[in-house]
Amino acid sequence: MMKRFALVMTLCLSSSAYAEEDIAEVWKAKCKSCHGEDGKAKTKMGQKESIDDMSLPAWQAAESDEEIRRAIADGSPKNSKMKAFKDKLTPAQIDALVGYIRTFKAK
Ligand code: HEC
C-alpha cells in the first residue's frame, strides 16, 4: 500500500517537474519580450514603461502571490501594456507563472 502511494507521489512530482520546464517556455513566449528572461525588465519596453525589476527582494516582498496572480489574469490597472492573460492562459499556468516569478528573486 505504501509502495503504491510512493509510486503515485513520484509520478506527481515528475509531472510537476515537466510543468516547470513548460512554464519557462510560456514565460519566454509571452512575457520575456517586456520583462526579460530574468524578470529584470532590461528590455526596450521595460525601460520605456519603467517596469519593475522582479529580482529585487523589495519587489518580491511587496507583491503577494494574489497580487501577482491578479496582475497576470486581469492586467495592470496602472499600465495597459500589461494585458490580461486570463483568456490566453489556464489558471494552472497562471499559478505556475507566480511560482516562476518567485524564482527570479536575487539571492
Ligand atoms: C507588452 C509588454 C508586456 C508583456 C508581454 C507582459 N507584461 Fe507584465 N507588465 C508590463 C508592464 C508595462 C508592467 C507594469 C505595470 C504597472 O506598472 O502596473 C507589467 C507588470 C507586471 C507585473 C507586476 C504587476 C504589479 O502589480 O506591479 C506582473 C506580475 C507581470 N507584469 C507579469 C507578466 C507575465 C507573467 C507576463 C506573461 C504572461 C507578462 N507580464 C507579460 C508589460 C508586459
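The values are calculated or read from the model by the stated rules, or taken from the named source; none is laboratory data. Every value quoted in this text rests on a predicted model; they were computed, and no experiment measured them. FYI the Cβ positions are ideal-geometry reconstructions off the backbone, even for glycines, and counts take in every protein chain you see.
Quick notes
- Residue tally, condition closer than 18 Å to residue 107 by Cα, near the ligand (Cβ under 10 Å from one of its atoms) and either among the acidic types (Asp, Glu) or in contact with a helix residue (DSSP H, G or I) (Cβ under 9 Å, 6 or more places away or on another chain) (or both), over segment 41-66: 4
- Of everything in segment 93-107 that is among the hydrophobic types (A, V, I, L, M, F, W, C) and without any contact (Cβ under 8 Å) to a residue 60 or more places away in the chain, the residue that is surrounded by the fewest Cβ atoms within 10 Å (Cβ to Cβ) is 106.
- Total residues in segment 49-74, condition under 13 Å from the mean Cα position of the chain (by Cα), among the hydrophobic types (A, V, I, L, M, F, W, C) and not in a helix (DSSP H, G or I): 1
- Filter result (under 14 Å from the mean Cα position of the chain (by Cα) and either among the small types (Gly, Ala, Ser) or more than 8 Å from the ligand (Cβ to nearest atom) (or both)) within segment 75-93: 75, 84, 86, 90, 91, 92, 93
- Near pairs, Cβ below 7 angstrom, 6+ apart or cross-chain, from segment 43-71 (farther than 20 Å from residue 89 by Cβ and free of Cβ contacts under 8 Å to residues at least 40 places away in the same chain) to any residue that is outside any helix (DSSP H, G or I) and aliphatic (A, V, I, L, M): 52/41; 53/41
- Residues that are surrounded by fewer than 10 Cβ atoms within 10 Å (Cβ to Cβ), within 27 Å of residue 107 (Cβ to Cβ) and at pLDDT below 95 occur in segment 20-38; there is at least one.
- In segment 72-92, the residues that are free of Cβ contacts under 8 Å to residues at least 12 places away in the same chain, exposed (fewer than 13 other Cβ atoms within 10 Å of the Cβ) and over 22 Å from residue 25 (Cα atoms): 77, 78, 80
- Complete set of residues in segment 29-40 that are more than 8 Å from the ligand (Cβ to nearest atom) and part of a loop (DSSP other than H, G, I, E, B): 36, 37, 38, 39, 40
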